[in-house]
Amino acid sequence: MSTAHSGLSYMLKLGVDIIKIDKMFVDAIGTDRNSTTIVETFVDLARNMRMDVVAEGVENFEPVMHLRTLGVRLARGYVFAPPLPGSSFLQRTRPSVSERRHWLRRNEKGRPCDRPV
């Protein structure tokens, strides 16, 4: 079996820094031994290559708990929020006035801080 055109070879060629775990594997965590093994292998691979991992399509808390025990810190799906129009997303993620004041106060040199204000 050749790996010349596999996704794994592109990880090296393209400088990938995040591995996404597909919803198909996330849904099967805890119910399908092979899928669980694949998820654990992705997480180990990411850790060994100093990459982040994002779990896609997380729809209930059981996979969240398993992913947390593996050290996965990033996930997306209905368990966190439904798909949103752009304006709703921005409203939910935009810092509040008090948060902006907090970050501005912490900036000692009067320059814009790292966090958006």
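The values are calculated or read from the model by the stated rules, or taken from the named source; none is laboratory data. Because the structure is a prediction, the values reported are computed rather than measured. Don't worry about glycine lacking a Cβ; one is built from the backbone with ideal geometry, like all the others, and counts go over all protein chains shown.
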Between a residue in region 14-30 that is more than 16 Å from residue 64 (Cβ to Cβ) and any residue that is polar (S, T, N, Q) and at pLDDT 90 or above, which pairs come within a Cβ distance under 8 Å, given they are 6 or more apart or on different chains?
24/35
Of all residues being of a type in the set (A, V, I, L, M) and surrounded by 14 or more Cβ atoms within 10 Å (Cβ to Cβ) in region 19-34, which is nearest to residue 80 (Cα to Cα)? Just the residue, please.
26
Take residues that are modelled with pLDDT under 95 and surrounded by fewer than 11 Cβ atoms within 10 Å (Cβ to Cβ) and tell me which of the helices (runs of 4 or more DSSP H) falling wholly in region 35-117 contain 3 or more.
86-93, 97-106
